[in-house]
Structure formats: C-alpha cells, structure tokens
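Enquirer: Here it is: the structure, laid out below.
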Amino acid sequence: DTGVSQDPRHKITKRGQNVTFRCDPISEHNRLYWYRQTLGQGPEFLTYFQNEAQLEKSRLLSDRFSAERPKGSFSTLEIQRTEQGDSAMYLCASSSTVPAHSGSTDTQYFGPGTRLTVL
Amino acid sequence: QKEVEQDPGPLSVPEGAIVSLNCTYSNSAFQYFMWYRQYSRKGPELLMYTYSSGNKEDGRFTAQVDKSSKYISLFIRDSQPSDSATYLCAKIQGAQKLVFGQGTRLTINP
C-alpha cells in the first residue's frame, strides 16, 4: 500500500515532555499538510509544505510547535513542552500540484493520524 | 461565525433511506467544495468534490452546491450500514488549505 503513513499511531506523554511525529506522504506528492483534530470537531489546518519549503503556518501553530520536511520527502512535527490542550489527533495529508488551467484541484489524501494524549 | 458550519448531529436513519447532509459557508470567494468521510479512529477519505455551483453524482452519492444561498449538500441514496461514519464538508482556501465543518455523525440502522 502506498498511502500516507504516520508514526506513531498513538502517543501518551506527560505534560512538559517533547514529542515528535512522523509523516511519510505518497511518494510522488510534492505537497504535505498537517492538521489537528479534537474530539467532535473537524480537522484544523496547521501548516503545509511544497517540497521542502514551509509555505504557510496557522496561528494555531504556537512557538512550541515546529514542522520540518527535509529533502521534500517525509515530514516531522515536534511539540515542545506539551500541554494538556495539545491532546488531539494529528493528521497528515499529501497531494500533488495540478495545473491551474486543468479545471481541477489538488486532492488531499490523509493518513491514519497520530492520537496524542497529554496527561 | 465559523467559515463552514455543519450540524454535528448525530443523525440516525434506517437502512435504505435517503440521507441529506448539509453545510453552510460564509465566504463567497471559494469555488471548490469537498465531502470527506471519516470512520472512527481513521483519517478522512475524500468522497467527492464539486466546483462552483451545481450537482455532481458518483454512484449512490450526489453533491450539490448552491452558491446563491452558500449551501452545500451531500445526498446518499439507498443508505447502507457501511455508510455509518462522520461526514465532513470542506472548502478550499488559499493555497489548497482545507477548511472543514464540524462533521456530522451518521448511523445507518439495519
């Protein structure tokens, strides 16, 4: 299967600890997105990369959050000094850019997510 | 006001019923609207997307956009228990960023 994969699937940590999540996109996709989803809510955009460049960051992405995509392949999302409010599902998605004149739009394919619980 | 509003439900219907799921949005600048399905503890999967106004049909699913009223709908015909999931509407904003509604939790009862 060549879908989006995320690791770990579950993470339980204590408040104040640092955590890092990994996302492996579909291999030919140049765009990669991170979203956060809390219980009973839709996913909320955090940041996105085109190749290795981080092009947009949400105001939700505080200074404790950092994302990287070295070499434009996999991506990591690190949360420093975790807080209980960080408990959520962290979703990664990838897509490939379609030409503007194609009359179509990128289709974002989501991974299974990493469920973070901060105690 | 949220940019995309969606009734969270829950919605419970008998097998075989026609299901209607709806969203409203607040900004007219967007042209692509998506419907995602999310099973429990899984990532969202794209069902279909529509461009501008009008209908789009794919098997038992029909997506409808009414830009004059800023209303997005998804209809499911001949609903099956396997359709039980949370349905998320979304619009594309800016550089392909998705803005989601809250999601409607749907249960199809056998």
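The values are calculated or read from the model by the stated rules, or taken from the named source; none is laboratory data. Because the structure is predicted, anything quoted here is derived from the model rather than measured. Here the Cβ is made from the backbone with ideal geometry for all residues, glycine too, and neighbour counts use every protein chain on show.
Enquirer: Can you tell me how many residues in segment B:62-97 are over 13 Å from the mean Cα position of the chain (by Cα), under 22 Å from B:E3 (Cα atoms) and either not in a strand (DSSP E or B) or not acidic (D, E) (or both)?
Expert: 10
Enquirer: With the checklist (1) modelled with pLDDT under 90; (2) in contact with a Gly (Cβ under 9 Å, 6 or more places away or on another chain); (3) more than 8 Å from chain B (Cβ to nearest Cβ) in hand, flag the one item A:F49 doesn't pass.
Expert: The single condition A:F49 does not satisfy is (1).
Enquirer: Quick one: in segment B:57-102, which of the residues that are basic (K, R) and within 13 Å of chain A (Cβ to nearest Cβ) is surrounded by the most Cβ atoms within 10 Å (Cβ to Cβ)? First the steps, then the outcome.
Expert: Applying the first criterion (basic (K, R)) to segment B:57-102 yields B:60, B:67, B:70, B:77, B:91, B:97.
Still in the running and within 13 Å of chain A (Cβ to nearest Cβ): B:91, B:97.
On the way: B:K91: 24, B:K97: 19.
In this case the residue turns out to be B:K91.
Enquirer: Turning to a different aspect of this structure: If you check A:F21 against the conditions, is it surrounded by 13 or more Cβ atoms within 10 Å (Cβ to Cβ), closer than 19 Å to A:R81 by Cα and in contact with a Pro (Cβ under 8 Å, 6 or more places away or on another chain)?
Expert: Values: surrounded by 13 or more Cβ atoms within 10 Å (Cβ to Cβ): yes; closer than 19 Å to A:R81 by Cα: yes; in contact with a Pro (Cβ under 8 Å, 6 or more places away or on another chain): yes.
Against the criterion (surrounded by 13 or more Cβ atoms within 10 Å (Cβ to Cβ), closer than 19 Å to A:R81 by Cα and in contact with a Pro (Cβ under 8 Å, 6 or more places away or on another chain)), A:F21 qualifies.
Enquirer: For A:G85, are the conditions met, namely being modelled with pLDDT under 90, farther than 23 Å from B:F33 by Cβ and not basic (K, R)?
Expert: So A:G85 does not fit the description; no.
Enquirer: If I filter segment B:26-46 for residues that are surrounded by fewer than 18 Cβ atoms within 10 Å (Cβ to Cβ), within 14 Å of another protein chain (Cβ to nearest Cβ) and of a type in the set (S, T, N, Q), do I get at least one hit?
Expert: Yes, segment B:26-46 contains at least one residue that is surrounded by fewer than 18 Cβ atoms within 10 Å (Cβ to Cβ), within 14 Å of another protein chain (Cβ to nearest Cβ) and of a type in the set (S, T, N, Q).
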